[in-house]
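Novice: A single structure is presented below for examination.
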Amino acid sequence: MSDSAALRRSVEGHVAALFGRDTGRASVTFLGTEQMDVLRFGPDRDGLVRYLTLGMSREPMTASDSAVRDPAGPRAELVLSLRGRRDSVLRRLAVLAAVPAVEGRPIAPGAGLDLGEPLWDGAPFTAVLVGEPGGLIPDLPLADAVDDPAFAAAAPVRFLPVLPMTMNEAAFKRVHGPEALHQRWLAAGTDLRDPHRREVDLG
């Protein structure tokens, strides 16, 4: 089994150990890139559904202006949590996960990713804020996923939560920063997993 296939299998098993077997998936291929899958887990007893990308961590994230690709560089997958199924998000989440490979733009906590279209059919959200990893899905050490000594000191696969933003919230974040937007959400008691939530007061 290739390192890429072993990593993919380990990522899937790592998440399935937390949420059980996936309940659906979609595969998307972008020009010049390998296949990207998005898996659906749930809904669980609380009605929560998790959408997880599978394939983003295949390669380390490398900036387009970097002269070399560091195999020990950062690797990640995206995870979106919603109350209830919104399966039209599958392809759009794959688009976001392809950003590092297609645009040469690493994705890190605090970043904003703008789709320019609804995140799912009928959604008031057109962008996402990338959150801090570790709270929902623990990191997956690469040494545990790939049986290759070359990866012993490599960065782990991190699972980055993505938080839906309206167009106005995304604009606010660009001007004031992610922490300021988080504070608005916190003060309003915003449930970021609610697909019907209202835009937070930005005045």
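The values are calculated or read from the model by the stated rules, or taken from the named source; none is laboratory data. On a predicted model such as this, the values are computed, not experimentally measured, just so you know. Methodologically, a virtual Cβ is constructed for each residue, glycine included, from the backbone with ideal geometry; neighbour enumeration extends over all protein chains shown. For accessibility, only protein heavy atoms count, side chains too; no ligands or nucleic acids. Shrake-Rupley method; radii C 1.70, N 1.55, O 1.52, S 1.80 Å.
Novice: Which of the residues belonging to region 89-107 are in a loop (DSSP other than H, G, I, E, B) and either modelled with pLDDT of 95 or more or open to solvent by less than 40 Å² (accessible area, probe 1.4 Å) (or both)? First the steps, then the outcome.
Specialist: Of region 89-107, the ones in a loop (DSSP other than H, G, I, E, B) are 98, 104-107.
Across region 89-107, the qualifying residues are A98, G104, I107.
Novice: Take the residues in region 14-36 that are open to solvent by 40 Å² or more (accessible area, probe 1.4 Å) and among the small types (G, A, S), then tell me which one is modelled with the lowest pLDDT.
Specialist: In this case the residue turns out to be G32.
Novice: Ok, one more. Which number in (1) under 21 Å from L18 (Cα atoms); (2) open to solvent by less than 60 Å² (accessible area, probe 1.4 Å) marks the one condition that E132 misses?
Specialist: (2)
Novice: Another question, if that's okay. Conditions first: (1) more than 15 Å from the chain's Cα centre (by Cα); (2) touching a residue at least 40 places away in the same chain (Cβ under 8 Å); (3) closer than 17 Å to L142 by Cα; (4) not in a loop (DSSP other than H, G, I, E, B). G13 passes all but one, so which condition is the exception?
Specialist: (2)
Novice: So, in region 63-88, how many residues would count as being farther than 23 Å from L142 by Cα, assigned to a loop (DSSP other than H, G, I, E, B) and at pLDDT 85 or above?
Specialist: Looking only at region 63-88, we keep the residues that are farther than 23 Å from L142 by Cα, and these are 64-65, 67, 81-88.
Retained after the next criterion (residues that are assigned to a loop (DSSP other than H, G, I, E, B)): 64-65, 67, 84-88.
Narrowing further to those that are at pLDDT 85 or above: 84-88.
The total comes to 5.
Novice: Looking only at region 173-203, count how many residues are part of a helix (DSSP H, G or I) and in contact with a helix residue (DSSP H, G or I) (Cβ under 6 Å, 6 or more places away or on another chain). Walk me through how you get there before you give the answer.
Specialist: Step one: list which residues in region 173-203 are part of a helix (DSSP H, G or I), which gives 173-176, 178-188.
From the residues that got through so far, the ones that are in contact with a helix residue (DSSP H, G or I) (Cβ under 6 Å, 6 or more places away or on another chain) too are 173, 181.
The qualifying residues number 2.
Novice: For region 37-86, how many residues are open to solvent by 40 Å² or more (accessible area, probe 1.4 Å) and of a type in the set (S, T, N, Q)?
Specialist: Selection size over region 37-86: 2.
Novice: Starting from residues that are more than 21 Å from the chain's Cα centre (by Cα) and among the charged types (D, E, K, R), keep the ones in region 173-203 and report whichever is surrounded by the fewest Cβ atoms within 10 Å (Cβ to Cβ).
Specialist: If we take residues in region 173-203 being more than 21 Å from the chain's Cα centre (by Cα) and among the charged types (D, E, K, R), then D201 is surrounded by the fewest Cβ atoms within 10 Å (Cβ to Cβ).
Novice: Considering only residues that are assigned to a loop (DSSP other than H, G, I, E, B) and modelled with pLDDT under 95, look in region 147-172 and name the one that is surrounded by the fewest Cβ atoms within 10 Å (Cβ to Cβ). It would help to see each step written out before you state the result.
Specialist: Start the filter on region 147-172 by keeping residues that are assigned to a loop (DSSP other than H, G, I, E, B), which leaves 147-148, 152-156, 166.
Right, trim to modelled with pLDDT under 95 and you get 147-148, 152-156.
Values: D147: 11, D148: 14, A152: 11, A153: 9, A154: 20, A155: 18, P156: 18.
Ranking the qualifying residues of region 147-172, first place goes to A153.
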